[in-house]
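Engineer: My questions all concern the structure below.
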Amino acid sequence: MNSNHWPLNRLGRLVCRWVVALTLLLLLWWPAAADAQPKCELTSSSAKYMYQPSYLLAPRDLPIGGALSAWSAPPTGDHVYRCTGTGTFGLALKVAGLSAAGMQTAGTGGGMVTVFGTDLPGVGVAFEGRIEAGSCRLSNVDLGGPGASSGAAVSKWSPAYGQWLECTGVVQATEANPVFLKASAWMRYIKTGPTNAGVATFGQPLIELRHSINGTMTRANWGFNAWPLNLQGHPTCTAQDLTVDMGKHKSSAFTGIGTASALVKTFAISVTCPPEMRGSIAGVAGTSVNIGYLFSAPAGLSVPAQGVVALSSGSTATGVGLQLKDGAAVPLQFGKRYTLQGYNYKTGSTLAIPLQAAYYQTGATVSPGTANAVVTFTLDYQ
């Protein structure tokens, strides 16, 4: 046998060793897939609705810039992206389909936030948001531009994608330790001008979401939505002027200060309220507005604790006033807000407020003459 030739069995073992060594080398130098291809995936695919009133009453004397509703609570659960790979990750929120109304309102964090106009004249809406990108967090973010925010992170603003929060520096996220991107938003209605009854509608999504990988934005196909707003016009309950004939009374019938005439007149104020007077509530369903009423006396009160009204100028009788009581014979408290019971917003209602009236001796002596009094009845809505 020639000594310069390798035996076949030894050559086979050598080839096997090279194959094993090459395989190990490839495994050691081939980069991990997560490091090479950073990606973000949504963990939910359903839109979130912001909790806000779907029915509102426009207060009569609310100034422009005043709040038509309170700040809503954030939706349950945040929109979440799950990101893996090596890169920089961020999240952006943008108000879609609305233009700035040229005013601001106070946000929940104490700063000022942008008010947007709606398709209902006189009604605007303001938004705040919360954005989290990994370890970076930003709260009370003005979604209309650079402005109010709180938290250690700093957001970037652009009309193209809104408020964008990106953690600085490259992050290596793995399947076992991913980066999460979270966001939430809430809203408040603001009076921007004269208002009339109507409906404000919003496009979907109202607030768009985008995630960024190494500065490149990708828009999600859903975001935050809002229910339509039904704005009720000024409440239109009506009550007719009422004249009560108190009849004739003898001055001798009064026996001392604090005594009242034996003849008591009973009457009622009729109040008619139309259907669909509904108040501010969260969600879709509406609840009836709270209707109240108050009494006042233009000429003043002679005995406030007893509901006694002073006689009008021009009256010639002296020593008496007009006492008013409710249907249960309890003296009225002038200036107190009473609640009108029984209103049905589905059908409307005509309601009666029962009252009693009598003359009441206020002076040491009572002299005869005319004894007229005026009482003002005012409706109040909450």
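Engineer: Could you tell me which of Ser252, Thr238, Gly363 has its Cα farthest along the dipole of the chain towards the positive end, charges placed at Cβ (Lys, Arg +1; Asp, Glu -1), taken about the Cα centre?
Structural biologist: Projecting each Cα onto the dipole axis, the largest value belongs to Thr238.
Engineer: Hey, another quick one. What does the charge count around Lys325 come to, taking other residues whose C-beta lies under 15 Å from its C-beta (Lys +1, Arg +1, Asp -1, Glu -1)?
Structural biologist: Overall, the nearby charge balance is +1.
Engineer: While we're here: Could you list which residues have their amide H under 5 Å from that of Tyr381, counting only those 5 or more apart in sequence or on another chain, with H placed in the peptide plane?
Structural biologist: Counting only residues 5 or more places away or on other chains, the set is Gly292.
Engineer: Under the rule of at least 5 residues apart or a separate chain, name every residue whose amide H is placed under 5 Å from the amide H of Tyr359.
Structural biologist: Ser261, Gln323
Engineer: Per-residue counts of other Cβ atoms within 10 Å, averaged by peptide: what ranking do you get for 199-207, 88-96, 343-351, 131-139, highest first?
Structural biologist: 88-96, 131-139, 199-207, 343-351
Engineer: Can you work out D for the chain in µm² s⁻¹ from Stokes-Einstein, where Rh is the Kirkwood radius over C-alpha pairs, the temperature is 10 °C and the viscosity is 1.306 mPa s?
Structural biologist: The calculation lands on 59 µm²/s.
Engineer: Which whole-number percent gives the relative contact order of the chain, counting Cα pairs below 8 Å spaced six or more residues apart?
Structural biologist: Contact order relative to length: 17 percent.
Engineer: Please report the orientation-averaged projected area of segment 72-143, defined via the convex hull of its C-alpha atoms, in nm².
Structural biologist: 6.4
Engineer: Follow-up question, since we're still on this one. How high is the relative contact order of segment 236-382, in percent, counting Cα pairs under 8 Å that sit 6 or more residues apart?
Structural biologist: Values: 329 pairs, mean separation 52.6, N = 147.
It rounds to 36 percent for segment 236-382.
Engineer: Could you tell me which of the pairs Lys39/Lys182; Lys48/Lys156; Lys248/Lys336 are separated by over 27 angstrom between their Cα atoms in the structure shown?
Structural biologist: Going by Cα-Cα distance, Lys248/Lys336 fall outside the 27 Å limit.
Engineer: Quick check: Cα centre of segment 219-233 to Cα centre of segment 304-322, how many Å?
Structural biologist: Segment 219-233 and segment 304-322 have Cα centres spaced 56 Å from each other.
Engineer: For segment 328-382, what mean projected area does the convex hull of the alpha carbons give, in nm²?
Structural biologist: If you wrap the Cα atoms of segment 328-382 in a convex hull and average its projections, you get 5.9 nm².
Engineer: Suppose only helical runs count, i.e. DSSP H with n ≥ 4. What mean residue ellipticity at 222 nm does that imply for the chain under -39500 (n - 2.57) per run, divided by all residues and rounded to the nearest 500 deg cm²/dmol?
Structural biologist: Helix-only estimate at 222 nm: -2000 deg cm²/dmol.
Engineer: Hey, another quick one. Give, as ranges by residue number, the residues of segment 172-207 whose backbone N falls under 19 Å from the point 7 Å along Cα→Cβ of Asn225.
Structural biologist: Answer for segment 172-207: 183-188, 199-207.
Engineer: So what's the angle, to the nearest 10 degrees on a 0 to 90 scale, between helix 8-29 and the longest Cα principal axis of the chain?
Structural biologist: 30
Engineer: For a paramagnetic label modelled at 7 Å from the Cα of Asn177 toward its Cβ, which residues of segment 83-104 fall within the zone defined by backbone nitrogen distances under 19 Å?
Structural biologist: In segment 83-104, the label zone of Asn177 (backbone N under 19 Å from the point 7 Å along Cα→Cβ) covers 83-90.
Engineer: Which ³J(HN,Hα) values in Hz, rounded to whole numbers, follow from the phi angles of segment 104-110 under the Karplus curve 6.51 cos²θ - 1.76 cosθ + 1.60, where θ = phi - 60° and Gly and Pro get x?
Structural biologist: Karplus values, whole Hz, x for Gly and Pro: 10, 9, 6, x, 6, x, x.
Engineer: For segment 313-325, in order, what is each residue's ³J(HN,Hα) by Karplus, 6.51 cos²θ - 1.76 cosθ + 1.60 with θ = phi - 60°, in whole Hz (x at glycine and Pro)?
Structural biologist: 5, x, 6, 9, 6, 10, x, 9, x, 9, 9, 10, 10
Engineer: I would also like to ask the following. With the contact rule set at Cα under 8 Å and sequence spacing of 6 or more, what percent relative contact order holds for segment 232-276?
Structural biologist: Computed over segment 232-276, the figure is 60 percent.
Engineer: Another question, then. Within 10 Å, count the other beta carbons around each residue, average over each peptide in 266-274, 221-229, and list them highest first.
Structural biologist: Descending mean neighbour count gives 221-229, 266-274.
Taken together, the values in this text are just the output of simple stated rules run on the coordinates, not laboratory data. Everything numeric here is computed off the predicted structure, so don't read it as measured data. So basically every Cβ, Gly included, is an ideal-geometry build from the backbone, and we count neighbours across all protein chains shown.
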